[in-house]
1. Which of rounded, prolate or oblate describes segment 114-270 when judged by the alpha-carbon gyration tensor and an a/c cut-off of 1.5?
2. Return the distance in nm (one decimal) between the two label points of a simple spin-label model at residue 139 and residue 106, each offset 7 Å from Cα along Cα→Cβ.
3. Pairing the Cα long axis of helix 283-295 with the longest principal axis of the chain, what angle in degrees results, from 0 to 90 and rounded to the nearest 10?
4. Give the peptides 280-293, 230-243, 174-187 in descending order of average Cβ contacts within 10 Å, highest first.
5. How high is the relative contact order of the chain, in percent, with contacts defined as C-alpha pairs under 8 Å that are six or more residues apart?
6. Please give the FRET efficiency for residue 28 paired with residue 92, using the beta carbon to beta carbon distance and R0 = 41 Å, rounded to the nearest 0.05.
7. Here are several values of Cα Rg over 2.2 N^0.38 Å: [x] 1.21; [y] 1.10; [z] 0.98. Which one was derived from the coordinates shown?
8. To check you understand DSSP bridge types, tell me what percent of the beta bridges within the chain (both residues inside) are antiparallel, rounded to 5.
């Protein structure tokens, strides 16, 4: 498998302004290389998902970009500020919700919010107003005066994110924000993330839930062995993996035979009167198949497009499978 499958920027097409960008970012601990020169470009107002197995370097990437630790090499800018020369500017523009909750279980949800408001140097009136608004936004008003230790896992994650928003950040780093949540709580968190992005917030998301990346992310990067193995939209990544096909089913045996003759290299299922044609699912390929059927005067009764999912992509990129497409656009 190639060590990296990267999209090649089209010449003459300017990239949109980046909320987060990195070039050649490197980090090692002793003789272990955690990040081996990664490049990122994340447009403002979008969701970017960083996928990878445990130990791939996802959390390290978040820690570097949020100025919690320093890089050993490379450059990065967050909200227009260089992470090395202007860390205070970065910190003023971002919010970070880590894998482990920052909620203090010994005090109430409201007190957690007011404590965060104090840390952001808000006045008492402004802090109380902000806390009240955010608790309401995250459906926590009823539990606001209960100890946070009594909250469910989903409530704690919502409170954690509400605390992150006290400073009104325009870029939010969410490091595996739904780990351990039940499906309902996870979907609630997805709705919150979508609402944030609709308000113009940029979200940098790390996750091990492939469905989460598929549901939320405008662009996805797969990190493996400290390098970006591939990045693109979910659909672009799915087209990297062989196995996509179009399935045509016919009710009329004569139409089935005529279609098989017209299409040539197909896999036949004579019992089901179905044909399977290798395809990456693009509009151009579908049009070509339909044009050939039209030329033969044949109409399929059912057409379905099958493409690999992100599970296939993840295992191929991190498990040693050979990738055939070298260039995502």
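1. Prolate is the answer for segment 114-270, as a/c is 1.5 or above and a/b outweighs b/c.
2. In this crude spin-label approximation the distance works out to 3.1 nm.
3. So the helix axis and the longest Cα principal axis differ by about 20 degrees.
4. Peptide ranking by packing, descending: 230-243, 174-187, 280-293.
5. In percent, rounded to a whole number, it is 22.
6. For residue 28 and residue 92, the calculated efficiency is 0.90.
7. Computing Cα Rg over 2.2 N^0.38 Å and matching it to [x] 1.21; [y] 1.10; [z] 0.98 gives [x].
8. 65
Since every read-out is calculated from the coordinates, none of them should be taken as a lab result. Note that the structure is a prediction, hence the values are computed from the model and not measured. With ideal geometry, Cβ positions are generated from the backbone for all residues, glycine too; neighbour counts draw on all protein chains shown.
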